[in-house]
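The values are calculated or read from the model by the stated rules, or taken from the named source; none is laboratory data. Predicted model only: the values in this text are computed from it and were never measured. In this analysis, Cβ positions are derived from the backbone assuming ideal geometry, glycine residues included, and neighbour counts consider all displayed protein chains. Heavy atoms of the whole protein, side chains included, go into the accessibility calculation; ligands, DNA and RNA do not. Shrake-Rupley method; radii C 1.70, N 1.55, O 1.52, S 1.80 Å.
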Amino acid sequence: MKDFLAFISNNPLLAVFVCIALGYCFGMIKIRSFSFGATIGTLLVGFILSRFVTFTIPGIMETVFSILFCFTIGYEAGPAFFKSLRSNGVKFVIQSVFFCAIAFIFLFVLGIVGILDHNSVIGMAAGALTQSSILTAVETGANASIVYAVTYIFGMVIAILFATVLGPFILRTTPQKAVKEKLSKSKSKAHVQELEHITVSPIRSRAFSVNEGSSNIGATVEEIESKYGCDLQIAKIFRQDKELKFDPSTVIEVNDIVVLISSVENLISIDDEYMAELSDRKYTDIELVNKEIFVTEHYDGALISLLSSYGIVLIKATLRGKALAVTEDTLIQKDMCITVSGVRSSINTVADKIGYVKEAGISTDVPFVFIALAAAIVIGSIKFGSFSFGGSTCALIIGLLCGWYNNRSPKTGKFPESARWFLKSVGLNLFIAVKALTTGAFALDGKMLLLIGIGVAVTLVPHVVTLLFSKYVLKMDNADILGGQCGSGTCTAALNALTDTTGSSAFTTAFATTNAISSILLTLVGVLLAGLII
């Protein structure tokens, strides 16, 4: 055993990987709908290992992981953050700002009067408020990680209980009643928020074998389609019984099988004595795809009319992030984003006319991301007297701007969801693993129990005060209050508990806005506390 401990002590990278692997396994254990999650699992495994082995891990590892994590959460929150600042959800903005202000004042007082020292304040802010990015944005000692670990668990549990039990009790309601009231109000509204599944002219397909003598032999795909304007499209071409990849310049040859799509009346009118129709479903079955088209070009005409002519179904339309109620007369506007369903070739044709297909892709715009990270480090190193924001905080702010910019110009700064998940989840937990492994042993004594009690108060006070403020000052409805409390406290687990309890997503709108704002502001709260409390 001693040899193994000596080996792992001399190979701290192995300890980090073991900590991550076991932490994620522990975090997947569920007790009914509750689970600790990977972060708590990683912390606990790291603390256990640190009781037996002393690890020395280069500090630059923490810095790298924290900067990547902070940039990623900023990037994800960017579009919602800036949208919330200019949308009609001003009450959600006020609610989250108020929550963060109460949390800051409470923690600041605890630090100023000497109840908590500098590191304990930071650890308490990150743990009791369940905002891990505070710990990554501020340089702290080992004690901060310990306080963070024990208060995070209780902070998450208290936030869940507040959202599902205590909060509704104070509001004199239940989560189910709050949902019912919310839905009844929504049904009474006369205006349409979003266009869903508008059906346009149905498309049909016919497959023809192009025989000797047909006027289409030697013609290109573009020439054939131009005969009919936009009323007919070539969806597939088969040559020697194999599907052919084609483009507008592809020339039709004898015995090619051409699959045409259009409205029923147009397909009836294109019969050609030298084109024999085939009924094999291998040819006539057309795959429909859902795509987003981002409008970048001025185009005269109504949106529905254009899509109808290509047999494309409109699912949703937004303009600068705001859902549109579309009518037959709605014109195509620059910066409009439409979600459509149809044949891939038809969608690509329409996209070429008005903009481009917004593809998520699987590759990251690495130069864009790392230039942004380099800028964050440079800006973060600038000092204002003895104060500086630091690389992690600046990475968070620049991430906000980059996420917002990519939402406006999707071709620049691609950062796919899978890559974001890895850096957000694994990046954070790698940072946590290093912190936990280098902490060393600690005792669950009277002082630690006192810290847990203070942590419960730090969690509850902002929630209770903000709930009363939202109810009696902002005059928000109960569902929005509860969803906003989950978001303001940046506790996704609390939102999950609400949705599991009610089976409704009525709380998510408030959560999305308040969570985006609080994710940023609570991190800045940690930075301010670190600078103000010596």
Taking placed amide H atoms and a strict 5 Å upper bound, the residues 5 or more places from Ile332 or on another chain that come that close are Gly301, Leu303
So for R0 = 60 Å, FRET eff. of Ala457-Glu212 from the Cβ-Cβ r, to 0.05, ends up at 0.10
Could you check how much of the accessible area of the stretch 99-152 is carbon and sulfur, as a whole percent, using a 1.4 Å probe?
64 percent
Return the distance in nm (one decimal) between the two label points of a simple spin-label model at Ala276 and Ile48, each offset 7 Å from Cα along Cα→Cβ.
7.3 nm
Tell me the trypsin sites (Lys or Arg not before Pro) within the stretch 1-74 that lie in a loop according to DSSP and have at most 13 other beta-carbon atoms within 10 Å.
Arg32
For the pair Leu288/Ser418, report the inter-label distance in nm, with labels modelled 7 Å from Cα in the Cβ direction.
2.7 nm
Calculate the spin-label point distance for Ser9 paired with Ile31, positioning each point 7 Å from the Cα along the beta-carbon direction, and give it in nanometres.
3.4 nm
Mean Cβ neighbour count within 10 Å, used as a protection proxy, ranking 112-119, 167-174, 475-482, 149-156 highest first:
149-156, 475-482, 167-174, 112-119
